1. Could you pull out the residue among Glu121, Glu149 that is more than 30 Å from Glu35 (Cβ to Cβ) and in contact (Cβ under 8 Å) with a residue 12 or more places away in the chain?
2. Here are Val28, Val60: which of them is surrounded by 16 or more Cβ atoms within 10 Å (Cβ to Cβ), at pLDDT 90 or above, among the aliphatic types (A, V, I, L, M) and outside any loop (DSSP other than H, G, I, E, B)?
3. Counting only residues that are more than 16 Å from the chain's Cα centre (by Cα) and modelled with pLDDT of 90 or more, how many does region 79-111 have?
4. With a cut-off of at least 3 residues that are open to solvent by 10 Å² or more (accessible area, probe 1.4 Å) and at pLDDT 95 or above, name the helices (runs of 4 or more DSSP H) lying wholly within region 211-280.
5. Considering only residues that are among the hydroxyl-bearing types (Ser, Thr, Tyr) and surrounded by fewer than 17 Cβ atoms within 10 Å (Cβ to Cβ), which ones fall in region 146-169?
6. Here is a list: Gln158, Gln190, Gln174, Gln178. Which entry is at pLDDT below 95 and more than 28 Å from Thr267 (Cβ to Cβ)?
7. Looking at region 170-187 only, could you name the residues that are in contact (Cβ under 8 Å) with a residue 60 or more places away in the chain and open to solvent by 10 Å² or more (accessible area, probe 1.4 Å)?
Amino acid sequence: MKNWIQKIGIGTVQFGLDYGIANERGKVPINEVAEILKVAQHFGISLLDTARAYGESEQVLGQVLKMEKASFQIVSKMAAQSISPKKDVETSLLALGCQKLYGYLLHDFNDFEKNPALWKEMQDLKVANQVEKVGFSLYYPSQLIQLFEQNLSFDLLQVPYNLFDRRFEPYFEQLKVQGVEIHVRSVFLQGLFLMPLEKISPHFAPIREKLATLAALTKEAGISKAAIPLWFALQNPHLNKVLLGLSGIADLKQNLALIETFDAHKTWFQNLHLNSLQEDNEDIILPFRWKT
């Protein structure tokens, strides 16, 4: 499944912030970030996803990339309420120690709605050869529909996608036809899929039965709780990158091992009825609305 490994991108928010409902370690130490990037490069993982909003993530990546003399495609995102994409990109490039970003996304759609001129400035960054691809990081399909209605041409889109949250799935084929590169995040729903049921907050009572079903399936097959969510995302043919947040090197090694073991479980996995897990309750599928 080498092609699946190449579909992985590394989300780096935990390199700069304490992040994730299941993260008990805090930020990843810089020496472990270096180990993660070494292993990633060895296996052919080529993309890192970061943002100006991810604390010290860009600075940490810049230090490690310089130290290891490593090269990755890097996607970053504009700071919220920014008035100058150009200055933001220059700040990111300086922190990362590189000449050009692979991708640059508008992180907060509200900024675009308030100031549509930001989009022209982002396109100018391509002309200036500081960015290869520009696009949007979205939370709601209504935002994507708005972009379609404006006939806006963009190169790259990042959206949430997982066993529960499949709201953007109906648009994937259309996006591919239009030549848009699709990156998905929140594959493990900030680690909710991986948590022991006894540690689940009462906020998640509406989907406790679904989480119990997932736990039972993985126990039956003798595999990690991460397997089904990971395989679900990777098997979608329309996706270019599946972004995985990591709390440490062990997470990366486990995910790589799960990809290698997929063939042994392929028939079992394909016979699962995963559509029944889809969830429309936004208090569940949107982490910023969690009450935990």
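The values are calculated or read from the model by the stated rules, or taken from the named source; none is laboratory data. All values derive from a computational prediction rather than experimental measurement. Heads up, the Cβs are rebuilt from the backbone with ideal geometry, glycines too, and the neighbour counts pull from every protein chain shown. The accessibility values were calculated without ligands, DNA or RNA, using every heavy atom of the protein model including side chains. Shrake-Rupley method; radii C 1.70, N 1.55, O 1.52, S 1.80 Å.
1. On the way: Glu149 fails: in contact (Cβ under 8 Å) with a residue 12 or more places away in the chain.
On inspection, the qualifying residue turns out to be Glu121.
2. Numbers: Val28 fails: outside any loop (DSSP other than H, G, I, E, B).
Result of the check over Val28, Val60: Val60.
3. Of region 79-111, the ones more than 16 Å from the chain's Cα centre (by Cα) are 79-101, 109-111.
So of that shortlist, the ones also modelled with pLDDT of 90 or more come out as 85-101, 109-111.
Total satisfying the criteria: 20.
4. On the way: elements: 227-234, 249-260, 262-270.
Helices (runs of 4 or more DSSP H) meeting the threshold: 249-260, 262-270.
5. Step one: of region 146-169, the residues among the hydroxyl-bearing types (Ser, Thr, Tyr) are 153, 161.
The answer is Ser153, and nothing else.
6. Values: Gln158 fails: at pLDDT below 95; Gln174 fails: at pLDDT below 95; Gln178 fails: at pLDDT below 95.
Unique residue meeting the criteria: Gln190.
7. As a first pass, look at region 170-187 and keep what is in contact (Cβ under 8 Å) with a residue 60 or more places away in the chain: 172-173, 175-176, 181, 183, 185-186.
Passing the criteria: Glu173, Lys176, Glu181, Arg185, Ser186.
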